[in-house]
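Below: one structure, written as structure tokens.
The values are calculated or read from the model by the stated rules, or taken from the named source; none is laboratory data. The structure presented is a predicted model; accordingly, all values stated were derived computationally and were not measured. Reconstructed Cβ throughout: ideal geometry from the backbone, glycine too, with neighbour counts over all protein chains shown. Ligands, DNA and RNA are excluded from the accessible area calculation, which covers all protein heavy atoms including side chains. Shrake-Rupley method; radii C 1.70, N 1.55, O 1.52, S 1.80 Å.
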Amino acid sequence: MDKRTLLAVALSAAVFIIYYGFFYQAPQPVKTGMTPPVESLPSAPTPTPSLPTPLTQPAALPHPEVKSSLETDWIRSDVSSSTGLPQDWFLRKFFIQPDDKGPNINLLESASGVPLGLLLYPGRGLLQPYFIPLPPGENAKVLQFQGKFGALQLEEKLDLSGVDYSLQVTLDIENQGGTPEQISPGLHLGVSQNTAKPKGFLFFKEAPNLRFPLYRIGNKVVRHANPAKLGPQQEEVGEVSWVGLEDHHFLRLILARSVSALNRVAYGQSADGVYSELRYPVETLAPGQKKQYQFTVYLGPKDPALLDAFGQADLGKAINYGWFSVVAKPILWLLKFFHSFLRNWGLAVIALTILIKIILHPLTRKSMQSTKAMQTLQPQLKKLREKYSDDRERLNLETMNLFRQHKVNPMGGCLPMLV
């Protein structure tokens, strides 16, 4: 390695050390409130177009709010009886600060207070069914609730015993009234937008870690990576199998357990952030009729192994590897392989870099040999340019003859570097 290369490496290392040592600051957590907006009790629900509905403040609850805890080795969450769903979701192995200290990352961070809410009637907003926790059973990873909303009796079960970072939601709905009820059950997922300004300067500024909607409809995955272009509500109807919100490192997904051509996704900007909704088709419950609906919620890291564990088609496409996915996937696999026994991501990156250097060494060697051969021929090329300065065609011919005579490829120093 020559002196110029060593100097370039030293200067690059110095820039990174100075930047991350003196200028870089980790983004601070956003403080949020906990005032849940709810929809007032509907008198006669009718099918209406799904439009954004302003949510009113809650009236006095008929039962005092009770908070129940869900906890595994991976997450801890408080479930409020006012919604029957988790209102926070802390990842026990991920921290806001990079030194594995301080508060854990909360994937259900929302200033509106209801990041995960229940949708019940077509064209209506979030609901407040007044759930009552049932006595806990033997399984600490399962919570059960009963609730009522108008003529509808609700029974809900939350189960954490599936794939890591996932929650199974089972909802039984019974029409206890004397008239048919039209319903469209679904889940609403909304979080605050990340407003932290990217740190750094010039080329060393980090990309903004924005949160934006994505969903899969049919065989197509749709991403809206520019939240600034989102309206208050956009919709699509079709074979929607999952919807969610994405950022650089984590996924918040709602998976449909029943895929229908009439499933509906809605998404857009809310007052404090972004949201996605998954709804099942509108149907009518006759008096006394009861029906069960199921959802799976995944709130965790972008880990292909975890997503593949669901066994759901194309769920791995929720991770966007970019244009070079053919190269990115095996490199990611190798990085995880090295980390599996080195137990340190920095060492894993170094090991991966060394392996890539070894694999590309024949090309690198050929490139260096070609570059050196071109340098050797420079005096002769200079003489040819002086001799045939007035004859461009003859100059090109003599130049190619010189390359052929010494078996030098003028592109040999460039093409290997493209790889």
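With protein chains left intact and a 1.4 Å probe, residues in segment 285-343 average 59 Å² of accessible area per residue. Each principal axis of the Cα cloud of segment 129-217 was evaluated for its coordinate range; sorted largest first, these ranges are 66, 36, 27 Å.
V408 exposes around 20 Å² of accessible area when a 1.4 Å probe is run over every protein chain in place.
Accessible surface ranking for E181, E393, 1.4 angstrom probe, highest first: E393, E181. Values of log10 I(q)/I(0) for segment 180-266 across q = 0.11, 0.21, 0.22, 0.26 Å⁻¹ run -0.39, -1.06, -1.13, -1.41, by the Debye formula with one identical scatterer at each alpha carbon and no solvent.
Probe radius 1.4 Å, ligands and nucleic acids ignored: give me the carbon and sulfur share of the accessible area of segment 335-409 as a rounded percent.
60
From most to least packed by mean Cβ count within 10 Å, the peptides 294-305, 103-114 give 103-114, 294-305. Toward the positive end of the charge dipole of segment 298-384, with +1 on the Cβ of Lys and Arg and -1 on the Cβ of Asp and Glu, the farthest Cα among G316, P304, S340 is that of S340.
Quick one: with all protein chains in place, what share of the accessible area of segment 146-240 is carbon or sulfur, to the nearest percent (1.4 Å probe)?
Carbon plus sulfur share of accessible area: 51 percent.
Distance between the 7 Å Cα→Cβ label points at S340 and Q405: 5.7 nm. Annotation: per residue accessible area for segment 362-407 equals 84 Å², rounded to a whole number [probe 1.4 Å, protein chains only].
Taking all protein chains together and a 1.4 Å probe, the residues W345, W242, W323 rank W323, W345, W242 from largest to smallest accessible area.
Counting only protein heavy atoms and a 1.4 Å probe, segment 103-221 has 40 square angstrom of accessible area per residue. Estimated at the nearest 10 Å², the accessible area of R264 is 70 Å² with a 1.4 Å probe. Normalised by the number of residues in segment 258-377, the mean separation of alpha-carbon contacts (under 8 Å, six or more apart) gives a relative contact order of 10 percent.
Using the Cβ-Cβ distance between V282 and I331 with R0 = 51 Å, the FRET efficiency computed as 1/(1 + (r/R0)^6) comes to roughly 0.65. Cross-link pairs exceeding 24 Å between alpha carbons, from the set K93/K336; K157/K220; K336/K357; K101/K141; K93/K357; K67/K141: K157/K220; K101/K141; K93/K357.
Across the accessible surface of segment 76-138, with the other protein chains kept in place and a 1.4 Å probe, carbon and sulfur atoms take up 53 percent.
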